[in-house]
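Q: Could you have a look at this structure, given as structure tokens, before my questions?
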Amino acid sequence: MVSLRCTTAHHSLLGSPTCLAGPRRRARPVVRAAVAVEAGAQAKVSLIRIGTRGRLSEDSQLALAQANETRDKLKAAHSELAEEGAIEIVIIKTTGDIVLDKPLADIGGKGLFTKEIDEALLNGMIDIAVHSMKDVPTYLPEGTILPCNLPREDVRDAFISLTANSLGELPAGSIIGSASLRRQSQILYRYPSLKVVNFRGNVQTRLRKLKEGDVHATLLALAGLKRLNMAEDATSLLSVDEMLPAVAQGAIGIACRSNDDKMMEYLSSLNHEDTRLAVACEREFLAVLDGNCRTPIAAYAYRDKDGNCSFRGLLASPDGSKVYETTRSGPYSFDDMVAMGKDAGHELKAKAGPGFFDSLQ
């Protein structure tokens, strides 16, 4: 297996990889997760190698949980993949997992959680890549396709505190830890007397910092807590009216090479169409706004009780002083929902004006 050699920390949303395959063969620079092959070396070559993010010294438990969910669904759907050693999970170190002491916007944005995985996919080191959809840039690297979304988890955010039951109960001056400008802007819009500080790290790290008194409260995606069987750590849940979720929050996406018909066939059997359409609607909204980690953007599309798509979108300034919102409703179909997301994005872009985006640079 060739090694990966990174030449830059920035991810091109349009797609040419910046990590090249080295000319010499040497030890694989990734850690194999404890899956069907964990007990020992297997002579049989895996039929599918699943790539997911993590650090060499400390596996990302949430990313691994998502990869395990993908593995289990593949095994259940295809008998040949249920055999021992048929599926291997490969953990890939990403820049976003390594640099934890700076805001995402300062180190290149959310693409840093996917860049190295995309390159491993294009280089043939893995066959499919499992992503949290909220980490995926709006434009995929050339040569890759994302044909599958697993059923979406609960999109709400969880409020966690040792001293209060809700944001409204926190006294003025309380410190909330969050690396999300989306959460920061909505918190400060409704509770301007609170303070929000950068707070990165995996779920366990953030909960430890909270218990050590670094902050008075934090917010985490309920979907992540549920996938880690840690939902009981939530003090309370925020409704989507109080805290609109991130684009594609709670959704898992699985990518493969665009010329790999076999992997596309496997992935099509797992796709949850309602989730795929909702994610497409929200990501179209994000793409129109050209959202990045310096732009607080939130969106949520879902099938309502009448079977139609209901959509809400939000654009805000980081300090919460400016908040623009919009809603849409229409048929639950791909073309209609993409058009809805695009139209909503253009509306908020016009409302905010060009000066709004210039101020975020």
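The values are calculated or read from the model by the stated rules, or taken from the named source; none is laboratory data. Model, not experiment: these values are computed from the prediction. Ideal geometry is used to build each Cβ from the backbone, glycine not excepted, and the neighbour counts take in all protein chains shown. In case anyone asks, the SASA skips ligands and DNA or RNA and just uses the protein heavy atoms, side chains included. Shrake-Rupley method; radii C 1.70, N 1.55, O 1.52, S 1.80 Å.
Q: For ASP306 and VAL45, FRET efficiency with R0 = 51 Å and r from the beta-carbon atoms, rounded to 0.05?
A: Numbers: r = 50 Å, r/R0 = 0.97.
Between VAL45 and ASP306 the formula returns 0.55.
Q: Something else now. So between ASN229 and ALA77, what do we pick up on full extension, going 0.36 nm a residue minus the alpha carbon distance? Please report the intermediate quantities before stating the final value.
A: Details: separation 152, 0.36 × 152 = 54.72 nm, distance 2.40 nm.
Computed gain between ASN229 and ALA77 is 52.3 nm.
Q: Share of the range 148-204's accessible area from carbon and sulfur, percent, 1.4 Å?
A: On the way: 1140 of 2210 Å².
Ligands and nucleic acids excluded, carbon and sulfur give 52 percent.
Q: Given a 1.4 Å probe and the protein chains all in place, what does the accessible area of SER174 round to, in Å² to the nearest 10?
A: Near enough 10 Å² of accessible area.
Q: What is the set of long-range amide H partners of THR144 at a cut-off below 5 Å, with H atoms built 1.01 Å from backbone N?
A: SER258
Q: Using a 1.4 angstrom probe on the protein heavy atoms only, line up THR163, THR52 by accessible area, largest first.
A: Details: THR163 105, THR52 0 Å².
From most exposed to least exposed: THR163, THR52.
Q: Follow-up question, since we're still on this one. Net charge within 12 Å of ASP336 by Cβ-Cβ distance, Lys/Arg positive one each and Asp/Glu negative one each, not counting ASP336 itself? Walk me through the numbers before you get to the answer.
A: Details: positive: ARG328, LYS342; negative: GLU284, ASP335, ASP343.
Here the count lands on -1.
Q: Follow-up question, since we're still on this one. Could you check the spin-label model distance between SER329 and VAL197? Points 7 Å from the Cα along Cα→Cβ, value in nm.
A: If labels sit at SER329 and VAL197, their model points lie 4.4 nm apart.
Q: On a straight-distance basis, which aspartates and glutamates could pair with LYS195 in a cross-link, Cα separation under 16 angstrom, same-chain partners fewer than 8 positions away excluded?
A: Output for LYS195: GLU169, ASP214, ASP319.
Q: If R₀ is 45 angstrom, what is the calculated FRET efficiency for the pair HIS272 and GLU212, using the beta carbon separation as r and rounding to 0.05? Can you show the working numbers first?
A: Numbers: r = 39 Å, r/R0 = 0.86.
Efficiency, rounded to the nearest 0.05: 0.70.
Q: Compute the FRET efficiency between ALA164 and SER359 as 1/(1 + (r/R0)^6), taking r as their Cβ-Cβ distance and R0 = 41 Å, and round to the nearest 0.05.
A: Working: r = 32 Å, r/R0 = 0.79.
Plugging the Cβ-Cβ distance into 1/(1 + (r/R0)^6) gives 0.80.
Q: Working with all protein chains in place, sort ASP154, ASP241, ASP72 by solvent-accessible area computed with a 1.4 Å probe, largest first.
A: On the way: ASP154 40, ASP241 105, ASP72 75 Å².
Listed by decreasing accessible area, they come as ASP241, ASP72, ASP154.
Q: Before I look further, what does the range 124-190 give for accessible area per residue, probe 1.4 Å, in whole square angstrom? Please list the in-between numbers first.
A: Working: 2320 Å² over 67 residues.
Per residue, the range 124-190 has an accessible area of 35 Å².
Q: Accessible area per residue of the range 272-360 at 1.4 Å probe, in Å²? Write out the running numbers ahead of the final one.
A: Numbers: 3890 Å² over 89 residues.
That works out to 44 Å² for each residue.
Q: With the Cα gyration tensor of the range 126-240 in hand, give its eigenvalues times 5 under a square root as the equivalent ellipsoid semi-axes, listed largest first in whole angstrom. Kindly include the intermediate steps, with their values, before the conclusion.
A: Numbers: eigenvalues 174, 48, 35 Å².
Square roots of five times the eigenvalues give 30, 16, 13 Å.
Q: With the contact rule set at Cα under 8 Å and sequence spacing of 6 or more, what percent relative contact order holds for the range 157-237? If you can, show how the numbers build up before the last one.
A: Details: 118 pairs, mean separation 37.2, N = 81.
It comes to 46 percent, rounded to a whole number.
Q: Another question about this same structure. Express in nm, to one decimal, how much length is gained between HIS346 and MET264 on full extension, taking 0.36 nm for each residue of separation and deducting their alpha carbon distance.
A: On the way: separation 82, 0.36 × 82 = 29.52 nm, distance 3.27 nm.
Length difference between fully extended and current span is 26.2 nm.
Q: Leaving ligands, DNA and RNA out of it, report the carbon-plus-sulfur percent of the accessible area of the range 272-360 at a 1.4 Å probe.
A: Values: 1870 of 3890 Å².
Whole-percent figure for carbon plus sulfur exposure: 48.
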